[in-house]
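First up is the structure itself, then whatever we jot down about it.
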Amino acid sequence: MMLRTTTGLRRMSRRARATSAIAVGAVALLALSACGAGGSTASSSSGAKSLTVLVEAGGHGELQPIADAYEQQTGTKVTFVELPYDGLYNRLNSEFSSGTVSFDVAALDAIWLPAFKDALTPLNDMYTDDVKADLFPSLVDGAQIDGNYVGMPAWANSEILYYRTDLFNDPTQQANFKAKYGYDLVPPTTWQQYSDVAAFFTQPDAGLYGTSVKGAVETEWLANLSQAGEKNMVIDSSGKSTLGDKASLDALNFYTSQVPNAPAGAAQVDWAAAQNLFNQGKTAMMLFWAHAYAQIPADAPVAGKVGVAPMIGGSAGIAGVPGPWYLSVAKASPNQQAGLDFLKFAYDNNALSVNSSLGLAARISAFEKYQDDPKYAAFKPLIATLNAPATIARPANPKWQQIVDSVLIPMIQKAVVPGADNQQLLNDAKAQVDAITQ
């Protein structure tokens, strides 16, 4: 579900995708909402017989149950064209640049919207007050580029806290922790508590570490940046970098402070490596995308021994980095109304996506519908994290991916090496970002 940069459904979708059969008959039994984006979508008003949807392979499963229900309701056949993450971007870039497209609707990573905004049909009429009230604030903010809403959220994600219940509930561990730190051993909510717990469970001789440090990805440090009170993630409204300020230094100092509590080789640890370390029982805690809770293998050493809680917080409180994907209609598509009808239907029936391989949605009400199901125990922490005031979207800058790949990840990889000068690294990164954006 995620990886090249940060968004909630890419690298992990390639590596940890589970198959899921959604029976058409079961879909038909689900009650479809009568009120949604721009009104009811019980039938298509376009008369189109087919629609082509371009999608990253890992996200196809999220949309298939919606497409099945849409075809039953309207008679319009939805055909998916699946591509790997990089291939999807390249296809979009090529066709949008040419002005001729082979698709009607596309599922777009949030960070692509600024780059493709001029090729996307505005969706302003869909964003009613009711619609915006049922979406997390960061998702609404991320959909609006230069005054126009150009995407409707299809699914969203964020890192949350995973912890080993067998360790946290062990009476001996609880007594030892309280004797050492003076408070109860509970899932941490603050940086200090997280540091204490991570240090406490770091027992290299026993093959156990408190946490993992992901040097090969940027998203977790970006969450720390928001937790530290940064209001503009890396870039301010004028396009200048905010790196080097107090919040960015606090965040990087906290991030690198966990290196002694993590397995060696932090500079190379990515999402897949961190997930494997936790599932194999090598780490006591993990900060990870919420979808992964339902995907813990039944034969994993930690199976049945995992608890979840909201993302940890710094001085500004808890915060995560939203990982949304949006559905957008190509301006060049001849099936404009059909595309808009499909987007409205997808929003109205967003809860259908929960019964898919990744098991995610975008609407708050869709998550709430399943939040008390033990299989979806990650939903309550996810809702709390995405609704947190400090949670902000990544900047709407068309060069964001370049900034991530050429500046942020290299900076983090240097920072997790002992003896690194974090302030200097941030200052250097600021200069690099300004050179890209100015």
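Sorting Lys214, Lys117, Lys414, Lys49 by solvent-accessible area of protein heavy atoms yields Lys49, Lys414, Lys117, Lys214, largest first, with a 1.4 Å probe.
Applying 1/(1 + (r/R0)^6) with r as the Cβ-Cβ distance of Ser315 and Ser238 and R0 = 25 angstrom yields a FRET efficiency of 0.50. Annotation for segment 371-438 versus segment 273-321: alpha-carbon center distance of 18 Å. DSSP beta bridges fully contained in the chain are about 70 percent antiparallel.
Only one residue of Phe136, Pro122, Asn169 has its Cα farthest out toward the positive end of the dipole of segment 95-197, where Lys and Arg carry +1 and Asp and Glu -1 on Cβ, and that residue is Asn169. Charging the Cβ of each Asp and Glu at -1 and of each Lys and Arg at +1, and nothing else, the dipole of segment 110-196 about its Cα centre rounds to 400 debye.
Computed from the C-beta positions of Asp184 and Ser98, the FRET efficiency with R₀ = 51 Å rounds to 0.25.
Evaluated with a Cβ-only charge set (Lys, Arg +1; Asp, Glu -1), the chain carries a dipole of roughly 420 debye about its Cα centre, given to the nearest 20. Which parts of segment 138-160 would a label at Asn124 reach, counting a residue when its backbone N lies under 12 Å from a point 7 Å out along Cα-to-Cβ? The answer is 145-150. Got a number for carbon plus sulfur as a percent of segment 240-313's accessible area, 1.4 Å probe? Carbon-and-sulfur percentage of accessible area, whole number: 54. Pairs spanning more than 22 Å between alpha-carbon atoms, out of Lys231/Lys430; Lys344/Lys380; Lys77/Lys344: Lys344/Lys380. In order along segment 366-372, the Karplus-derived 3J(HN,Hα) couplings, from 6.51 cos²θ - 1.76 cosθ + 1.60 at θ = phi - 60°, round to 5, 5, 5, 4, 10, 5, 8 Hz, and Gly and Pro are given as x.
In this structure, the amide hydrogen of Ser50, modeled 1.01 Å from its nitrogen in the peptide plane, lies closer than 5 angstrom to those of Lys77, counting only residues at least 5 positions away or on a different chain. Extension gain for Asp141-Ser50 works out to 29.6 nm (0.36 nm per residue, less the C-alpha to C-alpha distance).
The candidate values are (1) -0.34, -0.57, -1.41; (2) -0.34, -0.55, -1.28; (3) -0.63, -0.82, -1.28; the one derived from this structure for log10 I(q)/I(0) by the Debye sum over Cα atoms at q = 0.07, 0.09, 0.14 Å⁻¹ carries the label (2). Normalised by the number of residues in the chain, the average gap of Cα pairs under 8 Å and 6 or more apart makes the relative contact order 27 percent. Length gained on full extension, Asp421 to Thr165: 88.5 nm, using 0.36 nm per residue less the C-alpha separation. Heavy atoms of the protein chains alone define the surface here; on that basis segment 180-264 has 36 Å² accessible area per residue at 1.4 Å probe size.
Taking Cα atoms, how many degrees apart are the long axis of helix 422-437 and the longest axis of the chain, rounded to 10 and kept between 0 and 90? For 422-437 against the chain, the angle is about 20 degrees. Considering only Tyr209, Trp400, Gly151, the residue lying farthest towards the positive end of the dipole of the chain is Tyr209, judged by Cα position with unit charges set on Cβ. Phi-derived couplings, Karplus 6.51 cos²θ - 1.76 cosθ + 1.60 at θ = phi - 60°, listed residue by residue for segment 63-74: 9, 4, x, 5, 5, 4, 5, 5, 5, 5, 7, 10 Hz, with x used for Gly and Pro. Between Gln337 and Asp373, the C-beta separation translates, for a Förster distance of 30 Å, into a calculated FRET efficiency of about 0.25. The aspartates and glutamates within cross-link reach of Lys132, meaning a Cα-to-Cα straight distance under 14 Å and a gap of 8 or more places when in the same chain, are Asp141, Asp348.
Starting with the highest mean, order 126-132, 150-156, 175-181, 189-195 by the number of other Cβ atoms within 10 Å, averaged over the residues of each peptide.
On the way: 126-132: 15.3, 150-156: 26.9, 175-181: 13.1, 189-195: 17.9.
Going from most to least packed, we get 150-156, 189-195, 126-132, 175-181.
Using only the alpha-carbon atoms, how far is helix 85-98 inclined from the longest principal axis of the chain? Give it as 0 to 90 degrees, nearest 10. Orientation of helix 85-98: about 40 degrees from the principal axis.
To the nearest 20 debye, what charge dipole does segment 380-433 have about its Cα centre, counting +1 at the Cβ of each Lys and Arg and -1 at the Cβ of each Asp and Glu?
Using only the charged Cβ atoms, the result is roughly 200 debye.
Relative to the longest principal axis of the C-alpha atoms of the chain, give the angle of the C-alpha long axis of helix 171-181, reported between 0 and 90° and rounded to the nearest 10°. Rounded to the nearest ten degrees, it is 70.
The values are calculated or read from the model by the stated rules, or taken from the named source; none is laboratory data. What you are looking at is a predicted structure, and each value in this text was computed from that prediction instead of being measured. All Cβ positions, even for glycine, are placed from backbone atoms using ideal geometry, and neighbour counts span all protein chains on display. Just so you know, the surface numbers come from the protein's heavy atoms only, side chains and all, with ligands and any DNA or RNA stripped out. Shrake-Rupley method; radii C 1.70, N 1.55, O 1.52, S 1.80 Å.
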